[in-house]
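Down below is the structure, laid out as structure tokens.
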Amino acid sequence: MDDDIDVCGGTVESGALLPLWALGRRPFEFAGMRVDTPFLTCKIDASLADFVASCEEGGQLTFGWFETRQPHFIRLRYRDVEIYWLVDHSDPEI
């Protein structure tokens, strides 16, 4: 399975909506959560992950759309870093 998606001649990494149990060992921060709690995941390099983890003020999660006005993306922002997930409306888990 290829994890890259072609977007306007370039490629982007794909993400997934996974239950907490699929992440493996449960981090301390998630100790009180149910094992079926959904998590939106994506691949990022280690330096970006370290940067996001160092952001003490927290991030901002927003939902948006393009011209059709239907929700089409989810954005996670930490300072000047933005991570987008494009919504697949045909996915029954969304």
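The values are calculated or read from the model by the stated rules, or taken from the named source; none is laboratory data. Being a predicted model, the structure only gives us computed values, none of them experimental. Cβ sites come from the backbone with ideal geometry, for glycine too, and all protein chains shown count toward neighbours.
Of the strands (runs of 3 or more DSSP E) lying entirely inside the chain, those containing at least 1 residues that are surrounded by 10 or more Cβ atoms within 10 Å (Cβ to Cβ) and modelled with pLDDT under 80 span 4-7, 10-13, 16-19, 60-65, 71-78, 81-86. Filtering segment 13-36 to residues that are touching a strand residue (DSSP E or B) at 6+ places or on another chain (Cβ under 8 Å) and farther than 26 Å from residue 86 by Cα leaves nothing.
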